[in-house]
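K.L.:
Here you go, one structure.
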Amino acid sequence: MVIEPELVDPDAEKASERFEEIEARAGLAGSNRFEILLFSLGTSETFGINVFKVREVMATPFITRAPNVPPGVEGLVSLRGNVIPVVSLAKVMELAPMDDRIAPAMMVAEYCRKTLGFLVDAVDRIIRVEWSKVREPENVSSQVHGMITSITELPDGRLVSIIDVEAVLAKTFGEAVVGVILPIPDGHRRHVFFVDDSSVARKKIAEVLDKLGVKHTHANNGMEAWERLQSMANFAEQTGTTLRDQLDVILTDAEMPEMDGYVLTKNIKADPRFDGIPVIMYSSLTSQANRTMGERVGVDGYVEKFDAQMLAETLRPLLMR
């Protein structure tokens, strides 16, 4: 099974097919639905990954072993002229011993404009899921809990654990360094609300906001964010103020349990109490389809994960208005 990569092709017919694919994917914007690719790691559990993060699936190619690589990194492969690292998901998630066994299938994943291979035992199929049926991972096994962002249930009753790519990469390669970010004048008077279901991402966003010197609060998923934002809006009405007196910018992830960032943005833009408060979407999904989805629901900016400097420089002029 191959998921065609979103690459610009000079051939008019293929370019037309690519446009239709973008349009089909962008049609999910505001629907609170997404598509996941199901796969297994040699255990009885079923796992999933957002299809937007996967370029293609193939049999595991020849892997060149590399010295001094982190545990779980099997080596490097050459793919269409590019050399990419290959990670054994089962070993990183401690579901398999660190031995010489190589899983037979590879998902070529894109994350923040980086490409890498995830080795898996088998790939099943693509399914469409309602975000409202996706919840936080309370019932997954303890050894994979930190690597799972959410779970959902298939019609046959099987649970699907959706992997947290940020957590997998942070455990494998270490967390990204935020670097130097200059504070903004009177930052303590500014307030940013952000929402992300990944604990790794929340930590990094909070670090950026702390360096900017601004106040911030957060939620762990889209539904929680919408409920908290409505409470803030209700409080402003009751006290005779405007929400802009309390809140300067809203940051939202794209894919989250219960309510995704597209529906959250759509709700915010439909509520006049939020007029004048910019909504910035940030995501590891950087394809044109995802940017188009953000545009369709009215986001005021789109920042890729996790570019700390770009996030800071996107927020800076909005907070200094």
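The values are calculated or read from the model by the stated rules, or taken from the named source; none is laboratory data. Please read these numbers as outputs of a predicted model, since none were measured by experiment. In this analysis, Cβ positions are derived from the backbone assuming ideal geometry, glycine residues included, and neighbour counts consider all displayed protein chains. All accessible areas refer to the heavy atoms of the entire protein, side chains included, with ligands and DNA or RNA removed. Shrake-Rupley method; radii C 1.70, N 1.55, O 1.52, S 1.80 Å.
K.L.:
Please find, among Asp210, Asp196, the residue that is closer than 16 Å to Met256 by Cβ and in contact with a strand residue (DSSP E or B) (Cβ under 9 Å, 6 or more places away or on another chain).
P.N.:
Working: Asp210 fails: closer than 16 Å to Met256 by Cβ.
Within the list Asp210, Asp196, the selection yields Asp196.
K.L.:
Taking into account only those residues within segment 121-144 that are over 17 Å from Asn221 (Cα atoms) and at pLDDT below 80, which is least open to solvent (accessible area, probe 1.4 Å)?
P.N.:
From segment 121-144, those over 17 Å from Asn221 (Cα atoms) are 121-128, 139-144; that's our starting set.
Checking which are at pLDDT below 80 leaves us with 139-144.
Numbers: Asn139: 113, Val140: 22, Ser141: 37, Ser142: 107, Gln143: 92, Val144: 0 Å².
Per the criteria, the residue is Val144.
K.L.:
Among the numbered criteria (1) within 17 Å of the chain's Cα centre (by Cα); (2) farther than 25 Å from Ser31 by Cα, which one does Val180 miss?
P.N.:
It is condition (1) that Val180 fails.
K.L.:
Here's a follow-up. Taking the options Ala103, Ala90, name whichever one is open to solvent by less than 40 Å² (accessible area, probe 1.4 Å) and either assigned to a helix (DSSP H, G or I) or among the polar types (S, T, N, Q) (or both).
P.N.:
Working: Ala103 fails: either assigned to a helix (DSSP H, G or I) or among the polar types (S, T, N, Q) (or both).
Matching residue, one of Ala103, Ala90: Ala90.
K.L.:
If I ask for residues that are buried (at least 23 other Cβ atoms within 10 Å of the Cβ) and under 19 Å from Leu319 (Cβ atoms), which ones from segment 209-224 would you list?
P.N.:
Initially, segment 209-224 is screened for residues buried (at least 23 other Cβ atoms within 10 Å of the Cβ), giving 209, 221-222.
Result: Leu209, single match.
K.L.:
Could I ask something else about it? In this structure, is Met106 farther than 27 Å from Leu319 by Cβ and either touching a Pro at 6+ places or on another chain (Cβ under 8 Å) or of a type in the set (Ser, Thr, Tyr) (or both)?
P.N.:
Numbers: farther than 27 Å from Leu319 by Cβ: yes; either touching a Pro at 6+ places or on another chain (Cβ under 8 Å) or of a type in the set (Ser, Thr, Tyr) (or both): yes.
Taking the combined requirement at face value, the residue satisfies it.
K.L.:
While we're here: Name the residues in segment 106-132 that are in contact with a Lys or Arg (Cβ under 6 Å, 6 or more places away or on another chain) and in a loop (DSSP other than H, G, I, E, B), would you?
P.N.:
Cys112
K.L.:
Can you name the residue in segment 189-206 that is farther than 18 Å from Val165 by Cβ and open to solvent by 60 Å² or more (accessible area, probe 1.4 Å) and, of all such residues, is modelled with the lowest pLDDT?
P.N.:
Let us first name the residues in segment 189-206 that are farther than 18 Å from Val165 by Cβ, namely 189-194, 206.
Of the ones still in play, those that are also open to solvent by 60 Å² or more (accessible area, probe 1.4 Å) are 189-190.
Details: Arg189: 93, Arg190: 96.
Out of the qualifying residues, it is Arg189.
K.L.:
State all residues of segment 252-282 that are aliphatic (A, V, I, L, M), closer than 28 Å to Ile151 by Cα and without any contact (Cβ under 8 Å) to a residue 60 or more places away in the chain; if no residue qualifies, say none. Give the derivation first.
P.N.:
Initial filter on segment 252-282 (aliphatic (A, V, I, L, M)): 254, 256, 259, 263-264, 268, 270, 277, 279-281.
Okay, now just the ones that are also closer than 28 Å to Ile151 by Cα, so 254, 256, 259, 263-264, 268, 279-281.
Across segment 252-282, the qualifying residues are Ala254, Ile268, Val279, Ile280, Met281.
K.L.:
Those residues that are open to solvent by less than 70 Å² (accessible area, probe 1.4 Å), assigned to a helix (DSSP H, G or I), free of Cβ contacts under 8 Å to residues at least 40 places away in the same chain and touching a strand residue (DSSP E or B) at 6+ places or on another chain (Cβ under 9 Å), I need them from segment 147-188; list them, please.
P.N.:
Result: Ala167, single match.
K.L.:
I would also like to ask the following. Does Leu285 qualify as being in contact (Cβ under 8 Å) with a residue 24 or more places away in the chain and over 27 Å from Pro185 (Cα atoms)? Even if it seems obvious, please write down each step before you answer.
P.N.:
Values: in contact (Cβ under 8 Å) with a residue 24 or more places away in the chain: yes; over 27 Å from Pro185 (Cα atoms): yes.
Yes.
K.L.:
Considering only residues that are at pLDDT below 85 and hydrophobic (A, V, I, L, M, F, W, C), look in segment 145-181 and name the one that is nearest to Asp196 (Cα to Cα). Working first, answer last.
P.N.:
Step one: filter segment 145-181 for residues at pLDDT below 85, giving 145-146, 166, 175-177.
Filter once more, keeping what is hydrophobic (A, V, I, L, M, F, W, C): 176-177.
Values: Ala176: 17, Val177: 19 Å.
If we take residues in segment 145-181 being at pLDDT below 85 and hydrophobic (A, V, I, L, M, F, W, C), then Ala176 is nearest to Asp196 (Cα to Cα).
K.L.:
Of all residues in segment 202-227, how many are within 21 Å of the chain's Cα centre (by Cα) and basic (Lys, Arg)?
P.N.:
Matching residues across segment 202-227 total 3.
K.L.:
For segment 239-262, which residues satisfy the criterion of being open to solvent by less than 20 Å² (accessible area, probe 1.4 Å) and assigned to a helix (DSSP H, G or I)?
P.N.:
Across segment 239-262, the qualifying residues are Leu243, Gly261, Tyr262.
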